[in-house]
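The values are calculated or read from the model by the stated rules, or taken from the named source; none is laboratory data. What you are looking at is a predicted structure, and each value in this text was computed from that prediction instead of being measured. Note: ideal-geometry Cβ built from the backbone for every residue, glycine included; neighbour counts use all protein chains shown.
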């Protein structure tokens, strides 16, 4: 397995070089596989909308069976979804999912591209999607991808002919792909792109159909398949010891934040692709009739003559035997005029030469990060583990004025180490996802540098170019500068080398709720990006708010050290909202960025720089009760949000609760998708319902319909049927169906205005049916649809109350939507108005 991971890592080309991981170390069998791929000159582009939409079985089949260059173009980075492994949402979730996609492509042998489109949440129709995305921008990005990738075949994941039948993003991806297929070869369309690329016409475009498009496996079996190509994607690769299904499953399992870890499987498995445009292949070969040999490139036949011979006579015992031929092929390849194939195949060939020679080249920074203007040391390690003569001529750091000229022969298996020190340029850009550097719209990121559009990552700040002479031919090998280190509990580790500001700041609470006019202490955390930083920090604030003191001096001696500085913030007497923005002054510079680090074992560490700010909201909010038990589900920030308005929230492990344990709490809240992901709940339903029956309040937030274990006959004490009903328009009109119910009266009066300012959606997975014990509270709908009344339902049970809600509180509370806070406080207070009335009567 170790070798297989390494083998697939090498297939990603130079544009993803900032993916920091352990260096590639190929076995002879894996090296032979790479030579086979080197000798195939064909390209496939797979098109869909989100991370996880891609068919990893088909991508792996095309990359590893057909040996084609295979690229997945995802319209979005998955910014609008949920996160099962952490708290990242919105743009930070997009960064995480981008890296998971790259991890998947390293597994299945594909490459990754994107457009500037943002996943703004579920969309019911492509008309809405394309309007919010700004169709012309995203269409231009798809054309740009086709012109740069130059695919022979395109395969759409979704059907462009069925608008409104699935997620609007899905259908839109296919619509855009179909249009771009016809436009990419027209020089009059998006002609400004032709400064960097050339027009291109793919030969065929397909739709990756399946039985679900036909309603059942039986109907699909009877369908006319004369316009389809059938591919057995269960093929076995003896040289890898793995089947294509196993590779695909491992790739799919990289989408951990979406809970897609899965078992591998084996055996024959058919995939169908339906021809949409172009000529129909006759032999279930998507590349039939397309020249995929070296002869498709002028001057390529001489290169192919050498490389086909290497493939045919490959020496598994001594791959270095082929270095002279490989070097000769590289030399001839540089004379090929076709820049596209010359660039692609030169990179592939150089990696093969590197592996065949056992040549190890590494540039590792002494520190994980540096600041502009600082002095940095790069540790260089080189070793040649083969008999052919190899001379290290030069090492140059691209991005800095730094160069070494060792001109030293690398003797067989003798390590050579060097150091390069240089000053980081003052005007260097910080390390951060390029698509987040400027504010975007609801539907698209702002990227003005055309060369960056579509790239999965920001290029590395520094790259080491090792110029090596092999058999009299000088070959440049590029290696991104990384940071290599070790930990006693994990061993050797790699991470990207980052350029960061001298100082960053943050306010941990991204939304600060002031339920009254009392002053709160707000902590600003300041982190040093280098040793010995000092200055002053101030807190910009909205009009009508008071912050004291006006500024505070600070000094930090050690790089990476973080200190907290407290300001007193007093809100106005009336409702108000705005932003608090820390501003750090050091000399004549002002620093206003927050550093967010996304660090999981399955992806490289990500450094994200965002504006340092927190939203402040002054609202008049009343509440009843104090202690809340919270059972976490798929992960959300609702507990922290409830603490903002004065509740004491206790995270409860359902494994530990027994009868009576919950009696001390005023309410029990079940987090989003808890019944989908927390197995222990199937044993604890009687305990939870007993708590409600004795007078407690239980609030269950949304769960995905039909995705829990069979032990859950019902998640409520009465019958409730969850559906896929949702209202995606966050501005959809909301009607109050039960104006006298306490949920809209106590302790806060809820009106339609409390649904102003909601984000992304109203809610999702509403119940479609419920027993008569339940009272529906609200009605809402998307344009052109019937009213949905299941967003919030409540029922008495024994002495207590059970509430199910599909409203997206997990999105609204963390961004400070006042009405959402008031409504949630009312849910937590249900029944308390009766207690209050009773006590008044008794008094």
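Residues checked against (1) surrounded by fewer than 24 Cβ atoms within 10 Å (Cβ to Cβ); (2) over 27 Å from residue 270 (Cβ atoms); (3) modelled with pLDDT of 95 or more; (4) in the same structural domain as residue 231 (by TED's automatic domain parsing):
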site: 37; (1), (2), (3), (4): yes, no, yes, yes
site: 40; (1), (2), (3), (4): yes, no, yes, yes
site: 47; (1), (2), (3), (4): no, no, yes, yes
site: 67; (1), (2), (3), (4): yes, no, yes, yes
site: 76; (1), (2), (3), (4): no, yes, yes, yes
site: 81; (1), (2), (3), (4): yes, yes, no, yes
site: 118; (1), (2), (3), (4): no, yes, yes, yes
site: 122; (1), (2), (3), (4): yes, yes, no, yes
site: 130; (1), (2), (3), (4): yes, yes, yes, yes
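Of all the strands (runs of 3 or more DSSP E) wholly in segment 427-524, which have at least 1 residues that are under 24 Å from the mean Cα position of the chain (by Cα), at pLDDT 95 or above and within 30 Å of residue 572 (Cβ to Cβ)?
Numbers: elements: 463-470, 473-480, 482-487, 491-496, 503-506, 511-514.
The strands (runs of 3 or more DSSP E) meeting that bar are 503-506.
Looking at this structure, is residue 747 in the same structural domain as residue 675 (by TED's automatic domain parsing) and more than 30 Å from residue 615 (Cβ to Cβ)? Explain how you work it out, then say what you get.
On the way: in the same structural domain as residue 675 (by TED's automatic domain parsing): yes; more than 30 Å from residue 615 (Cβ to Cβ): no.
No.
Here 266, 252, 262 are screened, and the one residue that is touching a helix residue (DSSP H, G or I) at 6+ places or on another chain (Cβ under 8 Å), closer than 26 Å to residue 51 by Cα, surrounded by fewer than 13 Cβ atoms within 10 Å (Cβ to Cβ) and in the same structural domain as residue 43 (by TED's automatic domain parsing) is 262.
Residue 143: modelled with pLDDT of 95 or more, surrounded by 22 or more Cβ atoms within 10 Å (Cβ to Cβ), touching a strand residue (DSSP E or B) at 6+ places or on another chain (Cβ under 9 Å) and assigned by TED's automatic domain parsing to the domain that holds residue 190, yes or no?
Working: modelled with pLDDT of 95 or more: yes; surrounded by 22 or more Cβ atoms within 10 Å (Cβ to Cβ): yes; touching a strand residue (DSSP E or B) at 6+ places or on another chain (Cβ under 9 Å): no; assigned by TED's automatic domain parsing to the domain that holds residue 190: yes.
It is false that residue 143 is modelled with pLDDT of 95 or more, surrounded by 22 or more Cβ atoms within 10 Å (Cβ to Cβ), touching a strand residue (DSSP E or B) at 6+ places or on another chain (Cβ under 9 Å) and assigned by TED's automatic domain parsing to the domain that holds residue 190.
When we screen 294, 212 for residues that are in contact with a helix residue (DSSP H, G or I) (Cβ under 9 Å, 6 or more places away or on another chain) and surrounded by 13 or more Cβ atoms within 10 Å (Cβ to Cβ), the only hit is 294.
Can you list the strands (runs of 3 or more DSSP E) found entirely within segment 727-843 that contain at least 2 residues being in contact (Cβ under 8 Å) with a residue 60 or more places away in the chain and under 32 Å from the mean Cα position of the chain (by Cα)?
On the way: elements: 734-736, 763-770, 778-780, 792-797, 800-805.
Counting at least 2 such residues, we get 763-770, 800-805.
Just a yes or no: is a residue in segment 413-425 on the phi > 0 side of the Ramachandran plot, surrounded by fewer than 19 Cβ atoms within 10 Å (Cβ to Cβ), in contact (Cβ under 8 Å) with a residue 12 or more places away in the chain and out of contact with any helix residue (DSSP H, G or I) (no Cβ under 7 Å at 6 or more places or on another chain)? Scanning segment 413-425, I find at least one residue that is on the phi > 0 side of the Ramachandran plot, surrounded by fewer than 19 Cβ atoms within 10 Å (Cβ to Cβ), in contact (Cβ under 8 Å) with a residue 12 or more places away in the chain and out of contact with any helix residue (DSSP H, G or I) (no Cβ under 7 Å at 6 or more places or on another chain), so the answer is yes.
Based on what the data block shows, is residue 547 over 28 Å from residue 369 (Cβ atoms) and surrounded by 12 or more Cβ atoms within 10 Å (Cβ to Cβ)?
Details: over 28 Å from residue 369 (Cβ atoms): yes; surrounded by 12 or more Cβ atoms within 10 Å (Cβ to Cβ): yes.
So residue 547 passes the test.
How many residues does segment 147-169 hold that are touching a strand residue (DSSP E or B) at 6+ places or on another chain (Cβ under 7 Å) and not in a strand (DSSP E or B)? Please lay out each step first, then the result.
So the first thing to find is which residues in segment 147-169 are touching a strand residue (DSSP E or B) at 6+ places or on another chain (Cβ under 7 Å), and the list is 149-159.
Of the ones still in play, those that are also not in a strand (DSSP E or B) are 149-152, 157-159.
Of the residues in segment 147-169, 7 are touching a strand residue (DSSP E or B) at 6+ places or on another chain (Cβ under 7 Å) and not in a strand (DSSP E or B).
Of the candidates 553, 542, 582, the single residue that is more than 27 Å from the chain's Cα centre (by Cα), part of a strand (DSSP E or B) and under 18 Å from residue 611 (Cβ atoms) is 582.
Residue by residue, here is whether (1) surrounded by fewer than 16 Cβ atoms within 10 Å (Cβ to Cβ); (2) in contact with a strand residue (DSSP E or B) (Cβ under 6 Å, 6 or more places away or on another chain); (3) more than 23 Å from residue 70 (Cβ to Cβ) holds:
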| residue | (1), (2), (3) |
| --- | --- |
| 184 | no, no, no |
| 188 | yes, no, yes |
| 191 | yes, no, yes |
| 216 | yes, no, yes |
| 220 | no, no, yes |
| 224 | yes, no, yes |
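With the structure loaded, tell me whether residue 291 is within 39 Å of the chain's Cα centre (by Cα), at pLDDT 95 or above and in a loop (DSSP other than H, G, I, E, B) or whether it fails that test.
yes
For every residue, the table says whether it meets (1) farther than 25 Å from residue 159 by Cβ; (2) within 33 Å of the chain's Cα centre (by Cα); (3) not assigned by TED's automatic domain parsing to the domain that holds residue 179.
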residue	(1), (2), (3)
272	no, yes, no
282	no, no, no
285	no, yes, no
297	yes, no, yes
300	yes, no, yes
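Of the residues making up segment 798-813, none is surrounded by fewer than 15 Cβ atoms within 10 Å (Cβ to Cβ), modelled with pLDDT under 95 and not assigned by TED's automatic domain parsing to the domain that holds residue 82. Residue 239 versus (1) surrounded by 12 or more Cβ atoms within 10 Å (Cβ to Cβ); (2) modelled with pLDDT of 90 or more; (3) not in a helix (DSSP H, G or I): which is the lone unmet condition? In the conditions (1) surrounded by 12 or more Cβ atoms within 10 Å (Cβ to Cβ); (2) modelled with pLDDT of 90 or more; (3) not in a helix (DSSP H, G or I), residue 239 misses (2) alone. Among the residues of segment 677-698, those that are in contact (Cβ under 8 Å) with a residue 60 or more places away in the chain and crowded, with 22+ Cβ neighbours inside 10 Å comprise 691, 692, 696, 697, 698.
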